[in-house]
Amino acid sequence: MAKAARPAAARGAGRDGLAPLLERLGFAGPHELLFHLPLRYEDHTRLTPLHALRPADAVLVQGCIVQLRPATGRKPGLWVRLDDGRGAIDVRFFKLHPGQRARWQPGVWLRCHGPVRAGLYGLEMTHPQCRVVRPDEPLPERALAIYPTVAGVSQDRLRRAVTETLARQADLGLTETLSPERLDALGLMVLPEALQLIHAPPPDRIASLSAPRHPARRRLAWEELLADQLVLRRRRRWAQSQRAPVLGDGPALAARVEAALGFALTAAQARVLTEVRADLARPVPMRRLVQGDVGSGKTAVAALAAAVALGSGWQVALMAPTELLAEQHLRSFRRWFGPAGLEPLALLGRSGAPARRVVAARLAAGEPALVVGTHALFQDWLRFARLGLVMVDEQHRFGVQQRLALQEKGGDLTPHQLVLTATPIPRTLAMGLYADLDVSVIDALPPGRAGIRTVVLPVGRRAEVAGRVQAACRAGAQVYWVCPLIEESEQAQGEAAQRLYERLSADFPSLRLGLIHGRLAPPEREAVMTAFAQGDLDVLVATTVIEVGVDVPRATVMVVENAERFGLAQLHQLRGRVGRGTAPGNCVLLYEGPLSQTARARLETLRAVQDGFEIARRDLALRGAGEWLGTRQTGERRWRVADPVADADLMAEAQVEADRLLTEDSALAERLIGLWQQRAERYAGA
Ligand code: ADP
Ligand code: MG
């Protein structure tokens, strides 16, 4: 099920030349074009007579060319004087195609759309959209939709494709399937009407269309949400029809590992572990998501789940999104499994060929083994003879395809699957987004955490912060100093970290500083991390490589430069690196003003609130779902129209409807799945 067949619609599109366009836009079929929402509309349905013209942002005018003269002054170009018999206007063009210039002669009529401004000698238009017309050429009846475009696709090309597709919507399977009563109850417009209205509205409807709860937009959102739920549910049913090894931990390995942890599980961890163990003991593949705020102790739960599988004689793979995190897991697992005589295997990007061969041979031989790694685990040459459990840490960093690829390494039996995430989202939202998974929540932190005190300061008070940091270090504290987020490249990010490191080295001649960023060679990185973890460094200058999962309980202070550039979720994850031990954490968020109102509200939220779920709730309210749902990682949205927060009511209804369709109207369910599967597969659960 990893590779869905291309839908017939997409193949057929090749004949009318749509296929390259769809490919450019990343659409699975022409029906997706109709879910590409316009950014705005232009009203080309009414002409303003030239004598009645007033300064305005956008008007449509036409007139006969009565004069053409080159523009003088600093900017070159052409002045064209248009006259419609009752009035006239000067229109200025900076650059024309030679073809245009040749056609534009006195006596030719032009129709122009654009802003009108008061110029030195009367009203004028500057470089409007423009085309040659007959004076009596009819006006369109509908407003013109302006779409977000991508490189290589012109607005015109896109608009023509949408218009053609609108005419074929029924053939493409976009028909109304809800009864009038249901549409009413859900506040939705009939699908064909909604599509027509969104892509070609009468001008008097333009203003209302910008409302997020418009029944036309909601109808499209419904289609996406329903399709998504259908795909997830079908995938879940499919998984439940597969067979998995029964993992009951014969030799009670889990108890020995638990004894080596060095702490007692919290009640929340124990409850989640019980849920996981119950799943593992069934001959059906587990598909469970464990949510827990940063620092809630997900790793220990994963370790004990691994112990159950190993104790039953099966192999376990744990995948982490960064080398740094994989290395840290290896250190913990060595400590926890060592007393039981088990050595975890490593498969990292930097593992050399001989090391890989050893790991591959042991996995192929079928001996119980725990392998910890990064993306390197996906590689084709790696075969597991007895893969019983796949665990993915920080799963929002991976695509669903990667998760499925690992699962497919199982052979006859499907391995159990446990995914961990620190992205705290409200439970109802999680149930919708991860409808193909069971969700467990570790809803408490280990005892004795003294919490994190967060202060938000303007960058002007940096020297004062530096003074305090120095004093804290003299008193034995360890500090993360996070450099500003730079979006361009990992290289630029590395250079910024290097600059900050040099600057702080000058500021703190008597302190021991380390530097860590993504461009550092792995052995160097590991040496720095180990030194910091052992207390041999006072200050670790870092990029966001430390954002996921890094666990050094002795570190208690974090300074974040240009905190306003980070997302709230990201700051919460970063801050979660401190306050992990019994000493209270301190976090200083430095910002460079002026701050937008939203930026101010976000930093204030972070200052006032420690609970990740509560922060998520507020951030969702402030900024919508994008950031929390990991669009940052994929750069693409799971839905084009729907917003799982704004459309939460529809999301809930779509879940019920999907269940109903799958049992009562499987033909319709299959039709919708066929239409949308390719898109949903890419994002579901990711
Ligand atoms: P996260 O959920 O963010 O992945 P970790 O698994 O890294 O959190 O755990 C955070 C820290 O808390 C680690 O140092 C871990 O050893 C410690 N820890 C986990 N569970 C407990 C517990 N029950 N009691 C005390 N400390 C714990
Ligand atoms: Mg973690």
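The values are calculated or read from the model by the stated rules, or taken from the named source; none is laboratory data. If you're wondering where the values come from, they're calculated on a predicted model, not measured in any experiment. Please note: Cβ atoms are built from the backbone with ideal geometry, for glycine as well, and neighbour counts cover all protein chains shown. Protein only, heavy atoms only, side chains kept; ligands, DNA and RNA dropped before computing areas. Shrake-Rupley method; radii C 1.70, N 1.55, O 1.52, S 1.80 Å.
Here are some notes:
- As computed over the stretch 20-133, the Cα convex hull volume per residue (Å³): 152
- Angle of helix 215-240 to the longest C-alpha principal axis of the chain, folded into 0 to 90 degrees and rounded to 10: 30°.
- The stretch 179-236: trypsin sites (Lys or Arg not before Pro) in DSSP coil with no more than 11 other Cβ atoms inside 10 Å: Arg213
- Pairs of Cα atoms farther than 20 Å apart, the stretch 413-507, %: 65
- With a simple spin-label model that places each label point 7 Å from the Cα along the Cα-to-Cβ direction, the separation between Ala527 and Arg46 comes to 7.4 nm.
- Taking the Cα centre of the stretch 92-217 as origin and assigning +1 to Lys and Arg Cβ atoms and -1 to Asp and Glu Cβ atoms, the resulting dipole is close to 780 debye.
- In the context of the full set of protein chains, the chain has a per residue accessible area of 43 Å² (1.4 Å probe).
- The string of couplings for the stretch 368-383 from the Karplus curve (6.51, -1.76, 1.60, θ = phi - 60°) is x, 7, 10, 10, 10, x, 10, 4, 3, 5, 6, 4, 4, 5, 7, 10 Hz, one whole number per residue in order, with x for Gly and Pro.
- Chain lengthening between Ala260 and Gln534 when straightened (0.36 nm per residue, less Cα-Cα): 96.7 nm
- Prolate is the label for the stretch 102-252, because the ratio a/c of its alpha-carbon gyration tensor axes (a ≥ b ≥ c) is 1.5 or higher and a/b is greater than b/c.
- Annotation: amide H-H contacts under 5 Å for Gly63 (H modelled 1.01 Å from N, sequence separation of 5 or more, or interchain): Leu110.
- Rounded to the nearest 20 debye, the dipole magnitude of the chain is 1120 debye, with +1 charges on Lys and Arg beta carbons, -1 on Asp and Glu beta carbons, and the Cα centre as origin.
- Nitroxide proxy distance, nm - points 7 Å out along Cα→Cβ at Ser210 and Ser489: 3.9
- Ranked by the mean number of other Cβ atoms within 10 Å of their residues, highest first, the peptides 374-383, 268-277, 555-564 come out as 555-564, 268-277, 374-383.
- Angle between the chain longest axis and helix 267-280 axis [Cα atoms, degrees, rounded to 10]: 90
- Distance cut-off 45 Å, percentage of C-alpha pairs in the chain lying past it: 36
- Only beta bridges with both residues in the chain are counted; by DSSP, about 35 percent of them are antiparallel.
- Amide H partners (placed H, <5 Å) of Leu457, local residues excluded: Leu589, Leu590, Tyr591
- Taking amide H as placed 1.01 Å from N in the peptide plane, the amide H of Leu382 sits under 5 Å from none that are at least 5 places away or on another chain.
- Rounded to whole numbers, the Karplus 3J(HN,Hα) couplings from phi for the stretch 294-302 are 4, x, 7, x, 6, 4, 5, 5, 4 Hz, using 6.51 cos²θ - 1.76 cosθ + 1.60 with θ = phi - 60°, and x at Gly and Pro.
- When the inverse distances between all different Cα atoms of the stretch 106-188 are averaged and flipped, the Kirkwood radius reads 17.4 angstrom.
- Helical runs (DSSP H, four residues minimum) scored at -39500 (n - 2.57) apiece and divided by the length of the chain put the mean residue ellipticity at 222 nm at -12000 deg cm²/dmol.
- Coarse-grained scattering of the stretch 232-380 at q = 0.13, 0.20 Å⁻¹, given as base-10 log I(q)/I(0) from a Debye sum over alpha-carbon atoms: -0.62, -1.41
- Compared with the dominant principal axis of the Cα atoms in the chain, helix 666-683 is inclined by about 80°.
- Accessible surface of the chain [probe 1.4 Å, protein heavy atoms]: carbon and sulfur percent: 53
- Förster radius 30 Å - calculated FRET efficiency between Thr177 and Ala19, Cβ distance, rounded to 0.05: 0.65
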